[in-house]
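Taking it in order: structure first as structure tokens, then the write-up.
The values are calculated or read from the model by the stated rules, or taken from the named source; none is laboratory data. Keep in mind that this is a model prediction, so the values were computed, not measured. Using ideal geometry, Cβ is built from the backbone for each residue, glycine included, and neighbour counts are taken over all protein chains shown.
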Amino acid sequence: MPDTQLPDDAPATALFPQFDSAIYRMIATEVEGLTDPQLDFESDEWEWSKWSIRRNLSHMASGDFRWFLLRWGPQLFPNGLPDLGGDDLESLAASPHDRRLDEEKYWDLDSILEKLRQGLEVAQTILSRETVGSLRSKETGEAGPSPGRWFAEAHPTGVRWESDDSSRSYLTLEATFRHRYFEHITHLYNIQRLKRAQGLPAQVEVPFEGYWALPDWDRSEP
């Protein structure tokens with residue numbers, strides 16, 4: 001991760017340069033040329049193999065819309081959400097498919113990658129308008145299941161809980177971007193394990209940081 005001691009007036013893009021193109025490039029390179037059977041391989045042998053490569057990708061693509069438009073949308077886009085190119089937000093972020101894109105609309109690899117690219121562009125648009133200081137001062141909260149200990153371990157700053165209600169948590173915009181970055185690289189690591197389970201080599205080096213680098217994370221291999 002970049003130096004966290006950047007001044008408050010530094011552009012937010014300096015704190016999360018990965019959202020410019022690096023994340024998309026890594027993911028697209030890793031899945032390039034995979035066949036449908038390879039994309040859809042699932043197994044009950046490991047917990048991480050219960051979602052196929054295709055469904056990991058769909059989850060990754062949906063996540064940026066869910067976080068930046070559903071959770072942060074009213075605060076970040078008070079005059080209206082960005083143009084989604086004719087797509088409805090429900091099919092991108094709130095489908096019934098367990099935190100994935102609507103699989104009736106987005107199933108082939110190219111369509112999923114296009115939504116992944118679009119979601120990352122939304123993230124980059126937000127970063128281009130913010131500073132390091134605004135990322136750290138803006139905050140959103142919600143009631144519901146409290147983030148687990150692993151979440152707090154991965155986010156030493158930017159996460160807090162209501163003092164008298166542990167079911168309500170708050171995240172800064174900085175922690176949200178950190179979470180999205182960690183989600184992308186953790187699911188990319190899962191994609192590589194799914195490839196190895198099929199005898200396929202990994203194509204990129206995934207940074208060993210974030211969720212999958214936590215001491216208690218399941219890093220079992222096929």
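Of the listed requirements (1) assigned to a helix (DSSP H, G or I); (2) touching a residue at least 40 places away in the same chain (Cβ under 8 Å), Pro74 misses just one: (2). Restricting Arg71, Arg66 to residues that are surrounded by 15 or more Cβ atoms within 10 Å (Cβ to Cβ), of a type in the set (Lys, Arg), within 17 Å of the chain's Cα centre (by Cα) and under 16 Å from Glu183 (Cα atoms) narrows the list to Arg66. Here is the figure for region 194-222: residues that are buried (at least 20 other Cβ atoms within 10 Å of the Cβ) and assigned to a helix (DSSP H, G or I) total 3.
Within region 19-48, residues that are polar (S, T, N, Q) reach partners that are assigned to a helix (DSSP H, G or I) with beta carbons closer than 6 Å, at six or more positions or on different chains, in the pairs Ser43/Ser49.
The set of residues from region 150-180 being aromatic (Phe, Trp, Tyr), under 18 Å from the mean Cα position of the chain (by Cα) and either assigned to a helix (DSSP H, G or I) or more than 24 Å from Ile126 (Cβ to Cβ) (or both) comprises Trp150, Phe151, Phe177.
Cβ-Cβ distances below 9 Å connect the following pairs, each with a first residue in region 187-207 that is free of Cβ contacts under 8 Å to residues at least 40 places away in the same chain, a second residue that is part of a loop (DSSP other than H, G, I, E, B) and among the acidic types (Asp, Glu), and a separation of six or more residues or different chains: Arg196/Glu221.
Listed here are the residues, each with its yes/no results for (1) among the small types (Gly, Ala, Ser); (2) modelled with pLDDT under 80.
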position	(1), (2)
Arg129	no, no
Gly144	yes, yes
Ala154	yes, no
Ser163	yes, yes
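The listed residues are Asp102, Asp98, Asp83, Asp87, and the only one of them that is part of a loop (DSSP other than H, G, I, E, B) and touching a Ser or Thr at 6+ places or on another chain (Cβ under 8 Å) turns out to be Asp102. Based on this model, can you work out whether Leu34 counts as on the phi < 0 side of the Ramachandran plot, surrounded by 15 or more Cβ atoms within 10 Å (Cβ to Cβ) and outside any helix (DSSP H, G or I)? Against the criterion (on the phi < 0 side of the Ramachandran plot, surrounded by 15 or more Cβ atoms within 10 Å (Cβ to Cβ) and outside any helix (DSSP H, G or I)), Leu34 qualifies.
One residue stands out among those in region 42-55 that are in contact with a helix residue (DSSP H, G or I) (Cβ under 9 Å, 6 or more places away or on another chain) and either farther than 20 Å from Val204 by Cα or β-branched (Val, Ile, Thr) (or both): the one that is surrounded by the fewest Cβ atoms within 10 Å (Cβ to Cβ), which is Glu45.
Return the residue satisfying two criteria in turn: it lies in region 101-140 and is of a type in the set (Lys, Arg) and crowded, with 18+ Cβ neighbours inside 10 Å, and of such residues it is farthest from the chain's Cα centre (by Cα). Only one residue tops the list, namely Arg136.
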